[in-house]
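Asker: First the structure, which I've put down as structure tokens, then a few questions once you've had a look.
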Protein chains: 2
Amino acid sequence: MIDPREERPLAALLAPDILALLDDAPQAVAVETEELHPADLADVAEALPVARVPALLAALPGDRAAAVMEYLSEDLRTEVLEALTTAQAADLLAQMTPDDRADALEELDEETADEILEAIPAAAREETERLLSYDPETAGGLMTTQIVTVRETSTAEAAVAEVRAIARAGRREAMNTIYVVDAAGLLVGVLSLRELLAAPEGAPVSEIAWTEVVSIPPTADRSEAARLIAEYDLVALPVVDENGRALGMVTVDDVIDAIQEEQTESVQRFGGLEALDESYTQTGFAEMVRKRVGWLSVLFVGGMFTTLAMGRFEDELNKALVLSLFLPLIIASGGNSGSQATSLIIRALAMGELRTRDWWRVVLRELPTALTLGAILGTIGVLRVLIWQLAGWSDYGADYERLAWTVGAALLGVVTIGSMVGAMLPFLLRRFGFDPATASAPFVATIVDVTGIVIYFSVAVWLLR
Amino acid sequence: MIDPREERPLAALLAPDILALLDDAPQAVAVETEELHPADLADVAEALPVARVPALLAALPGDRAAAVMEYLSEDLRTEVLEALTTAQAADLLAQMTPDDRADALEELDEETADEILEAIPAAAREETERLLSYDPETAGGLMTTQIVTVRETSTAEAAVAEVRAIARAGRREAMNTIYVVDAAGLLVGVLSLRELLAAPEGAPVSEIAWTEVVSIPPTADRSEAARLIAEYDLVALPVVDENGRALGMVTVDDVIDAIQEEQTESVQRFGGLEALDESYTQTGFAEMVRKRVGWLSVLFVGGMFTTLAMGRFEDELNKALVLSLFLPLIIASGGNSGSQATSLIIRALAMGELRTRDWWRVVLRELPTALTLGAILGTIGVLRVLIWQLAGWSDYGADYERLAWTVGAALLGVVTIGSMVGAMLPFLLRRFGFDPATASAPFVATIVDVTGIVIYFSVAVWLLR
């Protein structure tokens with residue numbers, strides 16, 4: 001991947017001018033920035049001194065300011081809301097879309113959030129409170145409640161007029177998807193705006209719409225919403241309650257953010273630490289240590305079994321110290337093959353290519369692969385010992401041949417076990433309700449280290465007897 | 001993440017009925033499946049015997065069949081196209097959207113693809129050939145050439161009429177975004193269909209449209225397209241040539257697939273293997289071994305340095321064999337802290353939270369974190385030795401106290417070095433043009449193993465002298 005941020009001059013270029021304008025002629029700011037995409041204007045805001053951002057927002061028309069708020073980083077948005085008076089904050093939030101409003105409030109401390117919420121017009125407040133009641137990691141937490149619905153009884157022409165009226169009313173929800181509801185408000189159909197426009201004037205909406213509506217309950221995991229949107233190439237996914245009443249919709253742009261958050265979390269888990277709540281740069285020292293020391297200590301304590309395992313074989317080591325030379329290499333090979341298998345399976349499970357019940361199919365695929373990989377590394381290992389010995393680069397003593405076979409056989413065993421453990425662990429974890437990504441590379445390596453030591457020395461005992 | 005595929009009865013349920021219908025009353029299939037989303041119908045096709053899929057497609061109206069083709073798995077789609085006669089395949093492909101048509105042809109072998117391409121109507125053929133000329137990992141390879149453009153001189157009403165005409169003509173491109181072009185066909189503005197509908201009847205399009213258009217050149221990496229679409233919450237991103245002429249657009253649904261592919265690749269790289277071209281289940285045995293044995297061997301050969309390092313310290317080991325007991329634990333701790341740091345940095349770079357030039361900021365953040373983590377593990381290590389000795393669970397000899405300090409000091413050093421190496425490697429790799437994700441957990445672990453051995457025994461030599 002290229003570095004997305006490598007060149008991003010726009011904000012940096014504009015910030016000084018805007019700053020000057022704010023001092024000299026704030027009333028000119030709105031016009032000057034009129035053509036900027038809110039996301040770019042948000043970048044400009046990020047480049048300003050935090051203290052001046054409220055001034056910038058104040059200088060913009062309310063709906064513009066609200067749009068910019070929606071693109072600010074969580075941190076800056078929170079700082080701005082805290083800097084504003086309750087009235088100002090409420091006024092700004094009232095103009096944001098309900099889902100972004102809820103997100104913004106979620107980041108504030110209870111008290112401040114409640115104060116601001118109190119100051120928001122009743123209708124908007126209730127809607128926001130309803131949204132806040134959903135776990136942010138669910139479809140309900142992701143959805144916007146502003147959806148365009150038309151009655152199944154209306155005609156295409158009437159529906160188009162209705163949609164245009166909504167659009168002209170300046171409400172900012174996405175309306176590429178239009179939902180058809182019956183008299184009871186139950187979701188009975190869906191059609192895209194383009195299908196509505198394509199319909200012959202008089203046609204009743206009920207005839208144009210699709211009656212097989214892909215929908216999701218508010219409690220479903222956001223990753224499920226992402227999967228449905230991706231699979232059906234939707235721009236929006238309706239969220240319906242148990243009665244089939246439409247509560248809102250999850251739009252594709254929210255889902256992209258959700259997918260990327262999910263992926264960040266699983267990459268971090270796979271790296272062997274607790275997923276961070278903030279971005280790397282925004283995570284403080286104490287938090288960073290907390291997120292990392294937990295797993296690191298668990299793995300360390302787990303790793304102590306290697307010490308016990310080594311203790312069991314102290315005598316063998318005494319007899320043939322030369323064995324120790326290859327120990328790190330052999331256990332590392334087990335860990336490497338393990339983390340290969342784990343990363344493959346974790347991803348296949350996450351992408352739905354594999355189901356929990358497919359574990360045995362994976363065994364059948366991994367076993368031959370693992371044996372082959374083990375045989376290849378084993379061969380390299382044997383050659384390594386023989387060549388160094390015969391070339392006189394090292395002296396492994398009279399028993400060098402048996403050492404070679406020990407190393408080779410151990411590698412075959414370690415790589416095979418390593419791959420199998422790495423492949424099965426994600427299934428086990430999911431089976432017991434954990435995130436398969438918890439089968440981190442270090443976790444697998446730690447398990448395989450112990451087995452590696454046991455295998456290596458057992459082979460040694462057997463061959464060097 | 002929940003398992004997306006855990007329950008997916010629809011396809012499995014319908015497949016048998018459809019199969020029966022295909023035998024008894026193929027003409028009824030179209031009506032029976034009319035209400036199904038093409039994606040679901042594609043699932044049904046996946047559940048049928050491969051040989052019967054062409055019959056299913058033949059039983060559907062051309063545009064339906066084409067839509068279903070777009071949702072089939074790459075493999076099945078390829079098999080179907082190979083099963084059909086050139087004429088049938090060309091007929092089917094001609095009705096697919098240009099970008100999906102190009103994707104489908106890309107999967108066929110040169111020869112078959114060319115034959116089919118020859119049989120496709122000239123206009124569609126040229127368009128497809130142009131699309132095929134772009135690297136599939138670029139914006140050009142992702143884009144569709146079917147975009148809705150209106151002249152800047154036309155009025156809102158005229159534009160709406162135009163859009164409705166296009167929609168009624170049944171062309172299946174997304175039209176949520178409408179592009180404004182000047183007389184020379186250069187992209188001068190963009191507006192959403194909802195903005196067009198909201199506009200007052202007589203208003204000229206040039207006044208409603210945004211003139212600051214976020215666009216991308218066809219050669220840009222697909223991840224850059226993904227970043228722009230995510231940042232600006234776009235449903236489509238226009239692809240323009242160096243003159244500013246619109247070539248096509250990348251739609252958000254293509255980008256979601258791209259994001260997920262990118263992510264799968266980097267998870268696999270981070271796991272220490274070459275990214276697979278197919279899904280795990282579709283990758284054959286030979287291919288699977290090929291993708292894994294490369295890195296595994298490289299790491300193995302790199303790991304041989306641990307053997308050399310061990311050799312350097314054979315005498316120390318001879319003097320104090322007890323040292324060997326803690327060796328695996330200590331080098332593992334280095335690898336674990338390394339892979340933690342690497343996963344954090346790789347992701348932060350991929351998400352654009354960090355730039356290559358930020359490496360020194362990362363040093364300043366990682367060093368104190370690493371020292372703290374090292375100190376904590378070091379303390380646990382010291383206690384481990386002392387407690388086991390004093391409790392009489394193990395006998396580390398008279399020198400047990402110095403062993404404890406050796407273990408503690410070595411852990412402090414190994415964890416610190418491990419974290420720093422893990423944090424800096426991704427920067428180094430990107431600096432030299434590699435994917436930072438190549439800094440796989442095993443790669444970091446291998447580097448840290450050698451340093452771990454050296455640190456441990458150096459401390460030992462110094463303390464046990």
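The values are calculated or read from the model by the stated rules, or taken from the named source; none is laboratory data. For clarity, every value in this text was computed on a predicted model and none was experimentally measured. Note that we place each Cβ from the backbone using ideal geometry, even for glycine, and neighbour counts take in every protein chain shown. Remember, those area values only see protein heavy atoms, side chains included, never the ligands or the DNA or RNA. Shrake-Rupley method; radii C 1.70, N 1.55, O 1.52, S 1.80 Å.
Asker: Provide the net charge surrounding B:GLU278, with neighbours chosen by a C-beta distance below 9 Å and charges set as Lys +1, Arg +1, Asp -1, Glu -1.
Answerer: My count for the surroundings of B:GLU278 gives -4.
Asker: Further, regarding this structure: State the extension gain, in nm to one decimal, for the chain segment bounded by B:PHE285 and B:ARG245, taking 0.36 nm per residue of separation less the distance between their alpha-carbons.
Answerer: Extra length available between B:PHE285 and B:ARG245 comes to 9.8 nm.
Asker: Post the alpha-carbon centroid distance, segment B:374-425 to segment A:181-253, in whole angstrom.
Answerer: 59 Å
Asker: Another one. Using a ≥ b ≥ c from the Cα gyration tensor of the protein assembly as shown (square roots of the eigenvalues), is it rounded, prolate or oblate, where a/c under 1.5 gives rounded and otherwise the larger of a/b and b/c decides, a/b for prolate?
Answerer: Prolate.
Asker: Helix B:98-107 sits at what angle to the longest principal axis of chain B, using alpha carbons and giving 0 to 90 degrees rounded to 10?
Answerer: 50 degrees
Asker: Nearest 20 debye, what's the magnitude of the dipole of segment A:149-251 about its Cα centre given +1 on Lys and Arg Cβ and -1 on Asp and Glu Cβ?
Answerer: Using only the charged Cβ atoms, the result is roughly 480 debye.
Asker: Of all DSSP beta bridges in the protein assembly as shown, what percent run antiparallel (nearest 5)?
Answerer: Around 80 percent of the beta bridges assigned by DSSP in the protein assembly as shown are antiparallel ones.
Asker: Same structure, new question: By how many degrees, 0 to 90 and rounded to 10, does the Cα axis of helix A:110-119 deviate from the longest principal axis of chain A?
Answerer: Long axis of A:110-119 versus the principal axis of chain A: about 20 degrees.
Asker: Check B:VAL150: other-chain or 5+ apart residues with amide H under 5 Å from its amide H, H built from backbone geometry?
Answerer: Amide H neighbours of B:VAL150: B:TYR179, B:VAL180, B:VAL181.
Asker: For chain B, what does the alpha-carbon gyration tensor say about shape, rounded, prolate or oblate, given a ≥ b ≥ c as the root eigenvalues, a/c under 1.5 as rounded, and a/b over b/c as prolate?
Answerer: Prolate shape, in that a/c is at least 1.5 and a/b is the bigger ratio.
Asker: Distance from the Cα centre of segment A:80-126 to that of segment B:74-127, in angstrom?
Answerer: Between the Cα centres of segment A:80-126 and segment B:74-127 lies a distance of 54 Å.
Asker: Using a 10 Å cut-off on Cβ to Cβ distances, tally the other chain neighbours for every residue of A:381-391 and report the average as a whole number.
Answerer: Average per residue, whole number: 1.
Asker: Just counting partner chain Cβ atoms within 10 Å, what average do the residues of peptide B:277-286 show around their Cβ?
Answerer: So the per-residue partner count for this stretch is 4.
Asker: Then there's this: Go through A:21-30, A:398-407 and give me the packing order, highest mean Cβ count within 10 Å leading.
Answerer: Result, highest mean first: A:398-407, A:21-30.
Asker: Something else: In peptide B:347-358, how many Cβ atoms from other protein chains are near each Cβ within 10 Å, on average?
Answerer: 6
Asker: Which order do the peptides A:178-189, A:218-229 take when ranked by the mean count of other beta-carbon atoms within 10 Å per residue, highest first?
Answerer: A:218-229, A:178-189
Asker: Cα axis of helix B:38-47 to longest principal axis of chain B: angle in degrees, 0 to 90, nearest 10?
Answerer: Here the helix axis deviates by roughly 60 degrees.
Asker: Then there is this: Among B:THR153, B:LEU196, B:MET175, pick out the residue whose Cα is farthest towards the positive end of the charge dipole of segment B:149-251, where Lys and Arg carry +1 and Asp and Glu carry -1 on C-beta, about the Cα centre.
Answerer: In segment B:149-251, that residue is B:MET175.
Asker: In debye to the nearest 20, how big a dipole does chain A give about its Cα centre with +1 on each Lys and Arg Cβ and -1 on each Asp and Glu Cβ?
Answerer: My answer is approximately 2980 debye.
Asker: So what are the ³J(HN,Hα) numbers for segment B:24-30, from phi and the Karplus equation (6.51, -1.76, 1.60; θ = phi - 60°), rounded to whole Hz, Gly and Pro as x?
Answerer: Using θ = phi - 60°, the values come out as 7, 9, x, 5, 7, 4, 3 Hz.
Asker: Taking the Cα centre of the protein assembly as shown as origin, sum charge times position over the Cβ atoms of Lys and Arg (+1) and Asp and Glu (-1), and report the length of that vector in debye to the nearest 20.
Answerer: Taking the Cα centre of the protein assembly as shown as origin, the dipole is about 4400 debye.
Asker: Enumerate the calculated ³J(HN,Hα) couplings along segment A:135-143 in order (Karplus 6.51 cos²θ - 1.76 cosθ + 1.60, θ = phi - 60°), each rounded to whole Hz, writing x wherever the residue is Gly or Pro.
Answerer: Each residue of segment A:135-143 in turn: 4, x, 8, 10, 4, x, x, 9, 6 Hz.
Asker: Between A:THR451, A:VAL385, A:MET310, whose Cα lies farthest towards the positive end of the dipole of segment A:280-464 when Lys and Arg beta carbons carry +1 and Asp and Glu beta carbons carry -1, centred on the Cα centre?
Answerer: A:THR451
Asker: Can you give the relative contact order of segment A:15-66 as a percent, counting alpha carbon pairs under 8 Å and 6+ residues apart?
Answerer: Across segment A:15-66, relative contact order equals 46 percent.
Asker: Okay, moving on. Starting from the Cα-Cα distance between B:ALA123 and B:VAL31, subtract it from 0.36 nm times their residue separation and give me the gain in nm to one decimal.
Answerer: Between B:ALA123 and B:VAL31, full extension yields an extra 30.0 nm.
Asker: Still on this model: Estimate the FRET efficiency between A:GLU46 and B:THR86 by the formula 1/(1 + (r/R0)^6), using the beta-carbon distance for r and 45 Å for R0, to the nearest 0.05.
Answerer: 0.20
Asker: Right, next: State the antiparallel share, in %, of DSSP beta bridges confined to segment B:149-251, rounding to the nearest 5.
Answerer: That works out to approximately 75 percent antiparallel.
Asker: Work out from phi, with θ = phi - 60° and the Karplus expression 6.51 cos²θ - 1.76 cosθ + 1.60, the ³J(HN,Hα) of each residue of segment A:60-75, listed in order in whole Hz, and give x for Gly and Pro.
Answerer: 9, x, x, 5, 5, 4, 4, 4, 4, 3, 5, 9, 5, 5, 3, 4
Asker: Which value at 222 nm does chain A reach when only helices count, each DSSP H run of 4 or more adding -39,500 (n - 2.57), with the total divided by all residues and rounded to the nearest 500 deg cm²/dmol?
Answerer: Taking each H run of at least 4 residues, the total per residue is -21500 deg cm²/dmol.
Asker: Right, another one. For chain A, give me the percentage of DSSP beta bridges that are antiparallel, rounded to the nearest 5 percent.
Answerer: Looking only at bridges with both residues in chain A, the antiparallel portion is about 80 percent.
Asker: Here's a follow-up. When a/c reaches 1.5 or more, the comparison of a/b and b/c decides; with that in mind, is segment B:46-116 rounded, prolate or oblate per its Cα gyration tensor?
Answerer: It is rounded, given that a/c, with a ≥ b ≥ c, falls under 1.5.
Asker: Evaluate the distance, in nm, between pseudo-label points positioned 7 Å from the Cα of A:LEU428 and of B:ASP277 along their respective Cα→Cβ axes.
Answerer: Output for this residue pair reads 3.5 nm.
Asker: At what distance in nm do the modelled label points of A:GLU110 and B:ASP114 sit from each other, each positioned 7 Å from its Cα along Cα→Cβ?
Answerer: With each label placed 7 Å out from Cα toward Cβ, I get 7.3 nm.
Asker: Got a number for carbon plus sulfur as a percent of the protein assembly as shown's accessible area, 1.4 Å probe?
Answerer: Reported share for carbon and sulfur atoms: 58 percent.
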